[in-house]
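The values are calculated or read from the model by the stated rules, or taken from the named source; none is laboratory data. None of these values were measured; they are calculated from a predicted model. Ideal geometry is used to build each Cβ from the backbone, glycine not excepted, and the neighbour counts take in all protein chains shown. Keep in mind that these areas ignore ligands, DNA and RNA; they rest on the heavy atoms of the full protein, side chains included. Shrake-Rupley method; radii C 1.70, N 1.55, O 1.52, S 1.80 Å.
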Amino acid sequence: MPTLVLLPGMDGTGTLFSPLVDALSEAISTRIIRYPPTEALDYRALASWVRDRLPTSEPCVLLGESFSGPIAIDIAASRPGNLIGVVLCCTFARSPARLTRWVPVRGMTALLEHLPRALVSWTLLGRFRTDSLDHALRAAIVSVPAQVLASRLYSVASVDVRTQLAAVGVPILQLVAARDRLVPRRSSREIEKHAPGVTSVVIEAPHMLLQCRPDTAAQEITRFIGGLGVQR
């Protein structure tokens, strides 16, 4: 089986992948690429960071969660020789919230520092919230400086990799959360429009699909990877 390379959400820590990794078959090797926690890198710099850390000696599948979807798309469009598939989860090819760019950096940082914990939990976990998930989410967020999170939000505000989608030459699986309060359904439909060969699976889950429905997500990912074979 190829290596499943996991690119995290906006926190960049990778710690929130634990439920999915635990649910995946032992036959699937995983590698989490974590982003620098104190560096305000934009999408281009993060894509370069990821490229330098991809497996080079074995086939791999790239999974981009939420914030990292555009990174996975951009890298896949460059057609690395050992990439055989892409998984996109609760993500977008073009910013779902472009108004962010009009908020000053200092104001965005202050806003993130004072976001009510209950609001964050409601938005990302919804009715699937548990104490353990809420704690893990909180721990991941507070481990990253607010100004770094604000910088990543600004990257989201201007991102547009729709053109790159058409250049992706490997199969794409898109996992869509039916109860996503952060990324609207139009974002997944836009991916479908620009990557006609994509397979979309809608799962009853909030934005944190991989954390709240890890068994279901693992089943879909395992089925997808099993159908790829070693193509290159």
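Given a 1.4 Å probe and the protein chains as shown, GLU204 ends up with an accessible area of around 70 Å².
Percent of accessible area on the chain owned by carbon and sulfur, 1.4 Å probe? Intermediate results must be reported in sequence, preceding the final value.
Working: 5660 of 10680 Å².
For the chain, the apolar C and S fraction of the accessible surface comes to 53 percent.
When nucleic acids and ligands are ignored and a 1.4 Å probe is applied, ASP22 ends up with an accessible area of around 130 Å².
Of the residues GLU26, GLU65, the one with the largest accessible area comes first in the ranking GLU26, GLU65, computed with a 1.4 Å probe on protein heavy atoms. At a probe radius of 1.4 angstrom, the accessible area of the chain per residue rounds to 46 square angstrom. Phi angles across the stretch 186-192 convert, under the Karplus curve 6.51 cos²θ - 1.76 cosθ + 1.60 with θ = phi - 60°, into 3J(HN,Hα) values of 4, 5, 6, 5, 5, 4, 4 Hz, Gly and Pro given as x. The string of couplings for the stretch 35-51 from the Karplus curve (6.51, -1.76, 1.60, θ = phi - 60°) is 8, x, x, 10, 10, 7, 8, 7, 4, 4, 5, 5, 4, 5, 4, 5, 4 Hz, one whole number per residue in order, with x for Gly and Pro. Let's test the formula: R0 of 25 Å, r as the Cβ-Cβ distance of VAL202 and THR15. What FRET efficiency results, to the nearest 0.05? The computed FRET efficiency comes out at 0.40.
How high is the relative contact order of the chain, in percent, counting Cα pairs under 8 Å that sit 6 or more residues apart? Result for the chain is 28 percent.
Note on the chain: with a GNM built from Cα contacts shorter than 10 Å, the maximum mean-square fluctuation among THR91, THR222, THR130 falls on THR130. Taking only the alpha-carbon positions of the chain and ignoring solvent, what does the Debye formula give for the base-10 log of I(q)/I(0) at q = 0.16 Å⁻¹? Summing over Cα pairs of the chain leads to -1.14.
With charges only on Cβ, +1 for K and R and -1 for D and E, what is the dipole size of the stretch 172-223 about its Cα centre, in debye, rounded to 20?
Values: 8 positive and 6 negative charges, 37 e Å.
So the magnitude is around 180 debye.
Normalised by 2.2 N^0.38 Å, where N is the number of residues, the C-alpha radius of gyration of the stretch 182-227 stands at 1.24.
To the nearest 500 deg cm²/dmol, what mean residue ellipticity at 222 nm is calculated for the chain from DSSP H runs of n ≥ 4 alone, each contributing -39,500 (n - 2.57), summed and divided by the residues? Can you show the working numbers first?
On the way: 11 runs with 97 residues, N = 232.
One gets -11500 deg cm²/dmol as the mean residue ellipticity at 222 nm.
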